[in-house]
Amino acid sequence: MKTIVYIEKNPVTGKCRFVSLELAYKAYTMMQEFNGEVLGVFVGDHLPEDADKLFHYGLDKLIYFTNENLKNLQSLAYKNIIEQIIRQEEPDIVLFGATHNGRDIAPLIASSLKTGLTADCTQLFIDDLEYKDEYKGKCLYQVRPAFGGNILATIITPDNRPMMATVREGVMSLPDTKLDKKGVMQEANIDFSMEWVRSEFLSVVPKKSTVNFGSKNIIVAGGAGVGSKENFDMLHKLAALLDAEVGASRAAVDFGYAEKARQIGQTGSVVRPKIYIAAGISGQIQHRAGMEESMKIIAINTDPNAPIFNISHKGIVGDVKDVIPKMIQMLREEE
Ligand SMILES: Cc1cc2nc3c(=O)[nH]c(=O)nc-3n(C[C@H](O)[C@H](O)[C@H](O)COP(=O)(O)OP(=O)(O)OC[C@H]3O[C@@H](n4cnc5c(N)ncnc54)[C@H](O)[C@@H]3O)c2cc1C
């Protein structure tokens, strides 16, 4: 079997996006059983400065096409180049990060190849497809929330190839230690046309987010139960003492307690810190979709029957307005 992973560069750091590393490793773990191959495909002006790193996350080969005119996303050009590589390589599976670029290009390619695409998958695995002998052991099961996140749908592409999916950053895990693995870089053989470059960028200012969940071991997240923006400041104080990042439920964002970039869940970020403190969060499925892979979950809630306690490792039944100041006081006394 063969899987292609679309590799993206972070325009701010010039390095590979985390989601590309996560998907490279996911593809590697899926292909292991079949002695399969994992190829990366990169399109842009220059390769990411840490492109070699991709091999330590599972790529066997990185196929790239670079051109000064492809610095920013040119949908038609990116689509035509990646489609040509897919037609040359004939992979069984193609994975894209559910980034702005991935969400733009993946449907264009799927439609051109007349195949299926499942967006925002939360699980991917390969298994038999009972009723089709020719695909025995070769079907990609694509799991994603459906109907507002109330059910998990498992989707397959039984008749067409490749099987395509997008996955958001943070959903798939990275290996604990990098793989001791080498790979090759190969320039793509593309029939390129400047007619595909149709957008003119007058100015592009990469947005530097001040919220960085990936770099912190601890996340202190607040929900509607925190009660006000002023109370939410307590979470920032606690986070500063713990060297943590502050997260929020959608209800907290909707109430204006926290900015949208802090939202965790199905329509926010997906996180997996060592410790996740959920303060005044009920634990609805859409929130859990973004945090339940955290190593330790500590929940603070006045309602002993709140669903968050079903997935938490430690639970404090209490008012966040009492518990958080006590935690802050204890940490300050320790300093
Ligand atoms: C398509 C779709 C996508 C969604 N995406 C997301 C998403 O990405 N992220 C997300 O979070 N939600 C998302 N939601 C919304 C989700 O369904 C819930 O509405 C939301 O997660 C609830 O947030 P909450 O737990 O903060 O609020 P609530 O459900 O209102 O819970 C508040 C909790 O605080 C407790 N509480 C109250 N006062 C206190 C106090 N003083 N001290 C301690 N505890 C207290 C209450 O007992 C309660 O358990 C989505 C919904 C849909 C339909």
TODO: Mind listing just one residue for me: the one in the range 211-234 that is polar (S, T, N, Q) and under 12 Å from Ala258 (Cβ atoms) and, of those, farthest from the ligand (Cβ to nearest atom)?
DONE: Ser228
- [ ] Answer yes or no as to whether Ala239 is within 26 Å of Thr99 (Cβ to Cβ), crowded, with 17+ Cβ neighbours inside 10 Å, more than 10 Å from the ligand (Cβ to nearest atom) and of a type in the set (Gly, Ala, Ser).
- [x] no
- [ ] Show the residue pairs that are 6+ apart or on different chains and have beta-carbon atoms under 7 Å apart, the first residue being within the range 305-330 and in contact (Cβ under 8 Å) with a residue 40 or more places away in the chain and over 23 Å from Lys274 (Cβ atoms), the second being of a type in the set (A, V, I, L, M) and within 12 Å of the ligand (Cβ to nearest atom).
- [x] Pro325/Met234
Open item on the list: Cβ-Cβ distance below 7 Å, separation of 6 or more or different chains: which pairs start in the range 180-198 with a residue that is within 18 Å of Asp60 (Cα to Cα) and end on one that is among the basic types (Lys, Arg) and surrounded by 10 or more Cβ atoms within 10 Å (Cβ to Cβ)?
Closed with: Gly183/Lys61; Val184/Lys61; Gln186/Lys61
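Here is a yes/no grid of residues against (1) surrounded by 11 or more Cβ atoms within 10 Å (Cβ to Cβ); (2) more than 25 Å from Gly44 (Cβ to Cβ); (3) in contact with a Phe, Trp or Tyr (Cβ under 8 Å, 6 or more places away or on another chain):
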residue	(1), (2), (3)
Ile156	yes, yes, yes
Arg161	yes, yes, no
Thr177	no, yes, no
Ser203	no, no, no
Lys207	no, no, no
Thr210	no, yes, no
Gly214	yes, no, yes
TODO: Taking only the range 35-78 into account, find how many residues are within 28 Å of Thr177 (Cα to Cα) and not β-branched (Val, Ile, Thr).
DONE: 24
Task: Where Gly280 falls short, out of the listed (1) within 12 Å of the ligand (Cβ to nearest atom); (2) modelled with pLDDT under 95 - done: (2)
- [ ] Among the numbered conditions (1) aromatic (Phe, Trp, Tyr); (2) in contact (Cβ under 8 Å) with a residue 40 or more places away in the chain; (3) over 30 Å from Phe125 (Cα atoms), tell me where Phe213 comes up short.
- [x] (3)
TODO: Tell me, yes or no, whether the range 160-178 has at least one residue that is within 26 Å of Asp128 (Cα to Cα) and without any contact (Cβ under 8 Å) to a residue 12 or more places away in the chain.
DONE: no
Open item on the list: Quick check on the range 141-148. Is at least one of its residues exposed (fewer than 14 other Cβ atoms within 10 Å of the Cβ), within 16 Å of the ligand (Cβ to nearest atom), touching a residue at least 40 places away in the same chain (Cβ under 8 Å) and under 24 Å from the mean Cα position of the chain (by Cα)?
Closed with: yes
Task: Leading residue by the ranking (surrounded by the most Cβ atoms within 10 Å (Cβ to Cβ)) among those in the range 216-230 that are in contact (Cβ under 8 Å) with a residue 12 or more places away in the chain and farther than 14 Å from Ile300 by Cα - done: Lys216
Open item on the list: Six or more apart or on different chains, Cβ atoms under 8 Å: show the pairs whose first residue is in the range 232-255 and over 21 Å from Lys296 (Cα atoms) and whose second is away from the ligand (no atom under 11 Å from the Cβ) and aromatic (Phe, Trp, Tyr).
Closed with: Ala252/Phe232
Task: Selection within the range 110-139 - assigned to a loop (DSSP other than H, G, I, E, B), over 21 Å from Met31 (Cβ atoms) and at pLDDT 90 or above - done: Lys114, Ala119, Asp120
Open item on the list: Could you check the range 283-320 and list, in sequence order, the residues that are in contact with a helix residue (DSSP H, G or I) (Cβ under 8 Å, 6 or more places away or on another chain), in a helix (DSSP H, G or I) and more than 9 Å from the ligand (Cβ to nearest atom)?
Closed with: Ile311
Task: Residues (in a strand (DSSP E or B) and under 11 Å from the mean Cα position of the chain (by Cα)) located in the range 161-178 - done: Thr166, Val167
Open item on the list: Given (1) over 30 Å from Ile85 (Cα atoms); (2) under 25 Å from the mean Cα position of the chain (by Cα), identify the lone condition not met by Lys229.
Closed with: (2)
Open item on the list: Name the single residue that is surrounded by the most Cβ atoms within 10 Å (Cβ to Cβ) among those in the range 244-277 being part of a loop (DSSP other than H, G, I, E, B) and of a type in the set (Lys, Arg).
Closed with: Arg272
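The values are calculated or read from the model by the stated rules, or taken from the named source; none is laboratory data. Treat the numbers as computed from the prediction; the structure is a model and nothing was measured. Cβ coordinates were reconstructed from backbone atoms using ideal geometry, including for glycine residues, and neighbour counts include every protein chain displayed.
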